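All remarks here apply to the structure that follows.
The values are calculated or read from the model by the stated rules, or taken from the named source; none is laboratory data. Everything quoted here is computed from the prediction, not taken from an experiment. No Cβ is skipped: glycine too gets one built from the backbone with ideal geometry, and neighbour counts run over all protein chains shown.
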């Protein structure tokens, strides 16, 4: 697959062919990507919503009214579920919403996310990430040369030095990500992805390792 290639200063350097970039047939992996994204959001839920059942409501268990004479003898006590301040029937209780996905499904979801972005021409390559000074202006200038219209950019590398991290941290349209830590949600949330050659090697190594297993 061919990608636009840029030098570290943001200047264009033609196209680069990546032979071992993942390829998927048809809609393969679409459901895996959906499950993976749902699992990420589910795992972020705290699950601490709680209501009190009848036995947990504080108060007396005495009948509110006498049994006969008033026509309300069967009303029960103040904890009854039909009364204001009483217990709640089938209300939410603290629980875990976490979901577990196997490695093969996670890898397929990652492939699908990358393939979709590549097919939409949203992935470009850069030789390496570096800036001469820790200034946002320099990093912003590189972004303007490579992806001038992007609003959500993911810059990927194997690691970022402190000088580059300082230059990039104040740019709201860009986010840094280490290739070894990325998930499918990180990929699909961006409208442009800029991969360094080292970052690309790490991503492709993941897929090659999976094939070997």
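Residues in region 128-168 that are surrounded by fewer than 16 Cβ atoms within 10 Å (Cβ to Cβ) and touching a strand residue (DSSP E or B) at 6+ places or on another chain (Cβ under 8 Å): 128, 145, 152, 159, 165.
Within region 1-17, being part of a loop (DSSP other than H, G, I, E, B) and either more than 13 Å from residue 114 (Cα to Cα) or without any contact (Cβ under 8 Å) to a residue 12 or more places away in the chain (or both) holds for 7, 8, 9, 10, 11. Scanning region 120-158 for residues that are without any contact (Cβ under 8 Å) to a residue 60 or more places away in the chain and in a helix (DSSP H, G or I) yields 136, 137, 138, 139, 140.
Among the residues of region 18-36, the ones that are part of a loop (DSSP other than H, G, I, E, B), under 18 Å from residue 105 (Cβ atoms) and touching a residue at least 24 places away in the same chain (Cβ under 8 Å) come to 4 in all. Residues in region 44-58 that are loosely packed, with under 11 Cβ neighbours inside 10 Å and in a loop (DSSP other than H, G, I, E, B): 44, 46, 48, 58. In this structure, is residue 29 under 21 Å from the mean Cα position of the chain (by Cα) and more than 30 Å from residue 82 (Cβ to Cβ)? So residue 29 fits the description; yes.
Tell me yes or no: at least one residue of region 63-72 is modelled with pLDDT of 90 or more and either part of a loop (DSSP other than H, G, I, E, B) or loosely packed, with under 15 Cβ neighbours inside 10 Å (or both). No, there is no match, as no residue in region 63-72 is modelled with pLDDT of 90 or more and either part of a loop (DSSP other than H, G, I, E, B) or loosely packed, with under 15 Cβ neighbours inside 10 Å (or both). Going through region 169-191 one residue at a time, which ones are surrounded by 16 or more Cβ atoms within 10 Å (Cβ to Cβ) and farther than 21 Å from residue 108 by Cα? Passing the criteria: 171, 174, 175, 176.
Scan region 170-188 and give yes if some residue there is assigned to a helix (DSSP H, G or I), in contact with a strand residue (DSSP E or B) (Cβ under 9 Å, 6 or more places away or on another chain), in contact (Cβ under 8 Å) with a residue 40 or more places away in the chain and closer than 22 Å to residue 115 by Cβ, otherwise no. Within region 170-188 (the criterion being assigned to a helix (DSSP H, G or I), in contact with a strand residue (DSSP E or B) (Cβ under 9 Å, 6 or more places away or on another chain), in contact (Cβ under 8 Å) with a residue 40 or more places away in the chain and closer than 22 Å to residue 115 by Cβ), the answer is yes, since at least one residue qualifies.
Looking across region 73-88, the residues that are exposed (fewer than 14 other Cβ atoms within 10 Å of the Cβ) and either without any contact (Cβ under 8 Å) to a residue 24 or more places away in the chain or in contact with a strand residue (DSSP E or B) (Cβ under 8 Å, 6 or more places away or on another chain) (or both) come down to 73, 74, 82, 84.
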